[in-house]
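Values quoted throughout were computed directly from the atomic coordinates according to the rules given, and no laboratory measurement underlies them. Predicted model only: the values in this text are computed from it and were never measured. Counting neighbours? That spans all protein chains shown, and the Cβs are built from the backbone with ideal geometry, glycine included.
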Amino acid sequence: MTTTTRRHVLAGLAAWVAAPAILRSTRAYAQNPTIKVGFVTPSTGPLAGFAEADDHILEGLRAHFAGGVMNNGKSYNIDIIKKDSQSNPNRAAEVAADLILGDEVDIITAAATPDTTNPVADQAEINEVPCITTDAPWQPYFFGRGGNPAEGFQYTYHFFWGLEDVIANFTGLWDDSGVTKKVGGLFPNDADGNAWGDPNLGLPPALAAAGYELTDPGRFQPLNDDFSNFISAFKDAGCEIVTGVMIPPDFGTFWSQAAQQGFNPKVATIGKALLFPSAIEALGPRGVGLTTEIWWSPNHPFVSSLTGISAGDLAVGYSSATGRPWTQPIGFKHALFEVVADVVSRSEDLDDYEANTAAIKSTNISTIVGDVNWSTGPVPNVSKTPLVSGQWQDNGDGAELVITNNKHAPQIPVGGELQLLG
Amino acid sequence: MIEWVGVIVQGTLLGGLYALFAAGLSLIFGVMRLVNIAHGDLIVLAAYLGLSTTMMLDVHPFVALIVVMPLMAGIGYALQRGVLNQTLGPDILPPLLVTFGLSVILQNALLEGYTADPQKLNGGAIETASLSAGGLAVGVLPLLTFVVAVAMIACLQWIFYKTSLGRGFRAVSDNQDIAQIMGLNKAHVFGLAMALALAVTAIAGILLGMRTSFDPAIGGGRLIFGFEAVIIGGLGSLWGTLAGGVILGVAQTIGAKIDPGWQLLAGHIAFLVVLAVRPNGLFPRVEH
């Protein structure tokens, strides 16, 4: 029988106190080491539409990552930790800090509008953690965070298209239509509306250069209940094209009032409000014929570098698993983790944030949304993916988004011709 | 000239919509001094219930009102007796906080149940129908909204001053304890008031759902105009609420005519001017 002596207690106590110092928290080499990837996304709130496919995509990726990802001859598990930003930039920053400091993620990712990408990227930059984001035009991402094209950022990287692509696509679409070159602009007083309507960098100078006459009555507050003044200004100016960047409720209000007050444009090309099939369905028959930008579709001729799945199969897989139509963010969510897996496989030392960042910087892969390569971007830290535009057309049993203009990205095939409204 | 007539007409019609949003708020405040932060979300809830009804029974949104109004009234009665009555007291803060929490719960419950997809009630041809006279085009649906708002306020006014139910409302509004002594069960009267308010909200929700697309998150944004209409008109006054809505609507369209950026600002300025000149609103019924 052993007796507990004072010495035993002291020795035990000392060992217990010293344990953390001696047993440095190293990876458990008995099993595969794990790379933690944080993912911030707006699962709830007004932006939830952008995130509806998250769970489906993550499920597929987790199954794929179950086999591990090879790096320098060793297999690593990838553990994706998802956190909800609640569509709130402050909350996004909070959960990003939580992921970085609490979960100690090796790489942090975020997607869906500048409200999610910017606060997360800012947290990553401050805490010197590599960060990959997508699904927000690059100007609000880069300039919105006070980026300087000469210097760029150290740890944060982003892939998506930019305003210049939208402008080129919209004017391309209108050139096809052959209608009078008079455009009515609907720009709200929010980050997107101010960027699109900016008199120096937005649509106004670009439209003027392309020979279009823009009627822009001014900025309205989002969730507006009355557009009658816009409508009478557009009518007076004889506009045959309407454009802008709006949220679905605002476009719904505008579109009903336009019909009530006898304003019938021949082309309506709106950013943001017309992205999702559900938004078009909600508009009923008057949703058919509207035009919008297309970042990704099942007809894009790209395949996943990770699983080899084609864009079409990814969309079909989502629809058959959930019973819901495909949406554009699906491809980008998948591509985000393609880039992560590629970085994990190439990094020279996965325990070193600097090495991981260097691996992001030297990325050059063909993903399901197009090529991602940060050495060819318009500014440092930004890689551009191709953008086309198209029209919601009636395919017999509902509206379908058909690519009608690919002048800006000819590698993506067109699926039909533009039809005028009315 | 005709332009400005158009602006005033559109503003007045917009005011009808705001009055519709505000009528339920005004009624609840008038009877039990309860500021209902969840009112906007309850309007959205009504729109979603309307959506489910039109989908399941394949009927026009107006017909769906037959289902949605009693349903919302039932929800209102249960909500008042089950939750809000427990919070009412000399302190106005607990009911405020509870309705705030209710607003968050409603938004997320709707998000779970209906997803974030924007939805719309399909009203058919009436959505885009319009009447034109002398260069003015007025949508049938906004006009109908305004007429409904006026009819509803008149109806509420009648209930308040011509029925025994209304006498009960006025009695508990004047003095809860004396009314209780006189044999009125104030918990029940409050329940009925909330039921009536949510029945009105059902109409607002259906008309909003036909006017534009909605999603679980838009309720809060509609609340502020409702509050402003109530305050401009004078707390507790129903016709005042209609007047408040119209003043707000006309101020906004005139502001927007000058510059669209001024639309909301002009409404808020009108609100502040009224507050500065008549702090109790234009037709106050509640003495402070």
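Figures for the structure shown
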quantity: Within-15-Å neighbourhood charge of B:L207 [Cβ basis; K, R +1; D, E -1]; calculated: 0
quantity: Inter-site label distance for A:K74 and B:S164 at 7 Å from Cα along Cβ, in nm; calculated: 8.5
quantity: Stretch gain in nm, segment A:E213-A:N32, where the contour uses 0.36 nm per residue and the Cα spacing is subtracted; calculated: 59.0 nm
quantity: Antiparallel content of DSSP bridges confined to the protein assembly as shown, in %, to 5; calculated: 40
quantity: Kirkwood Rh and Cα Rg combined as Rg over Rh, evaluated for the stretch B:2-277; calculated: 0.97
quantity: Range of Cα positions in the protein assembly as shown per principal axis (Å), largest first; calculated: 89, 86, 48
quantity: The stretch A:184-232, dipole about Cα centre (Lys/Arg Cβ +1, Asp/Glu Cβ -1), debye to the nearest 20; calculated: 120
quantity: Lysines with Cα under 30 Å of B:K162, excluding same-chain neighbours fewer than 8 positions away; calculated: B:K186
quantity: Farthest positive-ward along the protein assembly as shown dipole, Cα basis, beta-carbon charges - from A:V9, B:I43, A:A53; calculated: B:I43
quantity: Tensor-based shape of the stretch B:1-141 (alpha-carbon gyration tensor, a/c under 1.5 rounded, otherwise prolate or oblate); calculated: oblate
quantity: Footprinting exposure proxy for A:E417, A:E338 (fewest neighbouring C-beta atoms within 10 Å first); calculated: A:E417, A:E338
quantity: Size-normalised alpha-carbon gyration radius of the stretch A:203-320, reference 2.2 N^0.38 Å; calculated: 1.29
quantity: Point-charge dipole on Cβ atoms (K/R +1, D/E -1) for the stretch B:2-277, about Cα centre, debye to 20; calculated: 580
quantity: Neighbouring partner chain Cβ atoms per residue of A:241-249, average, 10 Å criterion; calculated: 3
quantity: Chain B: DSSP helices with Cα axial extent of at least 30 Å and average Kyte-Doolittle hydropathy no lower than 0.0; calculated: B:2-32, B:93-114, B:140-162, B:186-211, B:238-258
quantity: Entries in A:K74/A:K333; A:K181/B:K257; A:K235/A:K384; A:K272/B:K257; A:K361/A:K407; A:K266/A:K333 that, when Cα-Cα distance is taken, lie over 31 Å; calculated: A:K235/A:K384; A:K266/A:K333
quantity: Likely footprinting exposure, B:Y77, B:Y161, B:Y18, B:Y48, fewest C-beta neighbours within 10 Å first; calculated: B:Y161, B:Y77, B:Y48, B:Y18
quantity: Charge dipole (debye, nearest 20) of the stretch A:58-147; +1 at Cβ of Lys and Arg, -1 at Cβ of Asp and Glu; calculated: 220
quantity: Under the span-like rule (Cα at least 15 Å along the axis, Kyte-Doolittle mean at least 0.5), DSSP H helices of chain A; calculated: A:6-22, A:329-346
quantity: Estimated distance in nm for a label pair at B:I66 and A:E354, the labels positioned 7 Å out from Cα along Cα-to-Cβ; calculated: 7.6
quantity: Segment B:A129-B:A276, extension gain: residue separation times 0.36 nm, minus the distance between their alpha carbons; calculated: 48.9 nm
quantity: B:I2/A:L201 FRET efficiency (R0 51 Å; Cβ-Cβ; nearest 0.05); calculated: 0.85
quantity: Proxy reagent accessibility, fewest Cβ within 10 Å first, across A:E52, B:E228, A:E59, A:E213; calculated: A:E59, A:E213, A:E52, B:E228
quantity: The stretch A:165-222: radius of gyration over Cα atoms, expressed as a fraction of 2.2 N^0.38 Å; calculated: 1.10
quantity: Gyration tensor verdict on chain A (Cα atoms; rounded if a/c is under 1.5, prolate if a/b is larger than b/c, oblate otherwise); calculated: prolate
quantity: FRET E, pair A:E59, B:V35, Förster distance 35 Å, beta-carbon r, rounded to 0.05; calculated: 0.20
